[in-house]
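The values are calculated or read from the model by the stated rules, or taken from the named source; none is laboratory data. Because the structure is a prediction, the values reported are computed rather than measured. Glycine also receives a Cβ, built like all others from the backbone with ideal geometry; neighbour counts cover every protein chain displayed. Keep in mind that these areas ignore ligands, DNA and RNA; they rest on the heavy atoms of the full protein, side chains included. Shrake-Rupley method; radii C 1.70, N 1.55, O 1.52, S 1.80 Å.
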Amino acid sequence: MFNKLTLLAVTLLVTLQSVAAFNVIVPAGERRCFFETLEKSDNMHLTFQVGEGGHLDVDFWITDPNETLIDDATKGASGTFHHEAKINGKYEYCFSNAFSTVTDKTVGFNVYVAKPYKADPTHKADPLDAEIRELAAGIQEIRNEQEYTLARERTHRNTAESTNSRVVWWSLFQSGILFLVCVFQITYLKRFFEVKRVV
């Protein structure tokens, strides 16, 4: 019976946390902003990775409901940010591609909001409950890191495939130029050694 209650408590704890994974295209010269509504003591964890397109970097910042800057990163290709809400309200985070005039950027990001555990005052504190909460938080952190690592691997694989494609096309272009130069040289030398008869 106790094991079933423990399993139920872990399942409930994991489902009380909200996780979201998004990909967004940030056009050249623009920014994209999102928000999370947090209550005091909520923990927001955000990881982002810039995908394909020219220079792999964007500007990033987080502001609180009073529009005070909490954290920022200039020209970052990836990042991880953690913040505990000090006040209730909408916390806004933005990705800016303002310094680019031509290239759009693809940004993949995960947002994870953990609600603090509120103990029932009528229930006696159980050290096993605290351990279960700690394990559930650790599992969620591992899950977030796995999603972030998968997003990075996908970005690097796309970059490698794009580079490989460019190398193949460049090799074919060079082979074509080499073939044309060979044909030109053969015909030029053939004409040079031809005997011309004067009648």
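Computing FRET efficiency as 1/(1 + (r/R0)^6) for Ile186 and Glu161, where r is the C-beta to C-beta distance and R0 is 35 Å, gives about 0.40. Karplus-derived 3J(HN,Hα) values for segment 160-172, using 6.51 cos²θ - 1.76 cosθ + 1.60 with θ = phi - 60°, are 5, 5, 5, 5, 4, 4, 5, 5, 4, 5, 5, 5, 5 Hz; glycine and proline are entered as x. Calculated from the alpha-carbon coordinates, segment 86-167 shows an Rg and a Dmax of 20.6, 68 Å respectively. In the complete set of protein chains, residue-level accessible area for Arg157 is approximately 100 Å², probe 1.4 angstrom. Against the criterion of solvent-accessible heavy-atom surface with a 1.4 angstrom probe, Asp57, Asp104 sort, most first, into Asp104, Asp57. Accessible area per residue (1.4 Å probe, heavy atoms of protein chains only) ranks His156, His83 as His156, His83, with the largest value leading. Measuring r between the beta carbons of Glu147 and Ile177 and using R0 = 41 Å, the FRET efficiency lands at 0.35. To the nearest 10, the accessible area of Glu145 is 80 Å² with a 1.4 Å probe.
In this view, the solvent-accessible surface of Ile87, computed with a 1.4 Å probe and all protein chains in place, comes to about 60 Å².
Heavy-atom accessible area, probed at 1.4 angstrom with all protein chains present, ranks Leu172, Leu38 as Leu172, Leu38, highest first.
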